[in-house]
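Here the structure comes first, spelled out in structure tokens, and everything after it is commentary.
The values are calculated or read from the model by the stated rules, or taken from the named source; none is laboratory data. Everything numeric here is computed off the predicted structure, so don't read it as measured data. Virtual Cβ from ideal backbone geometry, glycine too; neighbours counted across all protein chains shown.
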Amino acid sequence: MSLPEIVTQEQWLAARKELLAKEKAATRARDALSAERRRLPMVEITKDYVFDGPEGDAGLIDLFAGRRQLIVGHFMFDPSWTDGCPSCTAGADELAPGLRRHLEARDTRHVYVSRAPRAKLEDYKARKGWTFPWYSSFGSDFNYDFHVTVDERVAPLMYNYQTREDHERKGTAYYFDAEQPIEQPGVSTFLRDGDRVFHTYSTFGRGAEWTGGSYAFLDLTALGRQEEWEEPKGRADLTRTATPDFAS
């Protein structure tokens, strides 16, 4: 790896200012994208999914633990595997208790869901020293319905909102080339209004790399960072929030 060019302080300052202008533009573009994501319509979830969790069987609404929002990390863990996906493992290592507390302070809970039986999840979780809530969707349609387990014997092939034919036209059909079922990574967000649960957003593959600190997670949700309140027309019961511009 080559080192950066050595320049004078004046040359460095000029280059830094040029980069700063691009950084501000990228930050504003990301803020605008986050605002558009908050305006995305949502779909009510009416299927009765059953998960196996630390307290036994749980429905999707139980995963909220009384909070308004839910972020589900789709952790790749096939039932036949002994260990979870290395990339998902790296991401889970970064999900510190402090980050989860910051999310919960904004009425948002983060959990992981995998298709492997809970005994395998608990074993792997203990070996890694993790404390976050992790639920098994084994035996349910959850992974298939949210297209993080690809198996045409169970559901039509779909990845990142595109069919096999779409991917073949783009030259990306390799997503389906492995032996099925194929586990895929992703993040899905949900909003609870009383006893009703709504799916607001999902992202897959590199889209899941938007996540990082608590703000990055909150930017994927319908209510956002909840720092500046605004009431959209006709949605007084489900207030969405603006994201402050920190780039000025």
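Observations, loosely collected:
- Tabulated pairs, segment 87-105, first on the phi < 0 side of the Ramachandran plot, second in a helix (DSSP H, G or I) and at pLDDT 90 or above, C-beta under 8 angstrom, 6+ apart or interchain: Thr89/Lys128; Ala92/Lys128; Asp93/Lys128
For every residue, the table says whether it meets (1) under 18 Å from Leu103 (Cβ atoms); (2) modelled with pLDDT of 80 or more; (3) touching an Asp or Glu at 6+ places or on another chain (Cβ under 9 Å).
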{"site": "Arg127", "(1), (2), (3)": "no, yes, yes"}
{"site": "Lys170", "(1), (2), (3)": "no, yes, no"}
{"site": "Arg225", "(1), (2), (3)": "yes, yes, yes"}
{"site": "Asp237", "(1), (2), (3)": "no, no, yes"}
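- Failed item in (1) at pLDDT 85 or above; (2) surrounded by fewer than 19 Cβ atoms within 10 Å (Cβ to Cβ); (3) closer than 21 Å to Pro86 by Cα, with Asp193 passing the rest: (3)
- Only one entry of Asp52, Asp48 meets the criterion of being touching a Ser or Thr at 6+ places or on another chain (Cβ under 8 Å) and not in a helix (DSSP H, G or I), and that entry is Asp52.
- Among residues of segment 106-115 being surrounded by 24 or more Cβ atoms within 10 Å (Cβ to Cβ) and out of contact with any Lys or Arg (no Cβ under 9 Å at 6 or more places or on another chain), the one that is nearest to Leu218 (Cα to Cα) is Val113.
- Condition check for Val150: among the β-branched types (Val, Ile, Thr) and modelled with pLDDT of 95 or more: no
- Sole residue being surrounded by fewer than 17 Cβ atoms within 10 Å (Cβ to Cβ), touching a Phe, Trp or Tyr at 6+ places or on another chain (Cβ under 7 Å) and free of Cβ contacts under 8 Å to residues at least 60 places away in the same chain, chosen from Gly59, Gly129, Gly66, Gly84: Gly59
- Selection count where residues are in contact (Cβ under 8 Å) with a residue 40 or more places away in the chain and either surrounded by 14 or more Cβ atoms within 10 Å (Cβ to Cβ) or not charged (D, E, K, R) (or both), scope segment 31-56: 15
- Once segment 177-192 is narrowed to residues that are acidic (Asp, Glu) and out of contact with any Lys or Arg (no Cβ under 8 Å at 6 or more places or on another chain), the residue that is farthest from Gly66 (Cα to Cα) is Asp177.
- Here the condition is being assigned to a helix (DSSP H, G or I) and within 24 Å of Leu60 (Cβ to Cβ); of Arg101, Arg109, Arg127, it holds for Arg101 alone.
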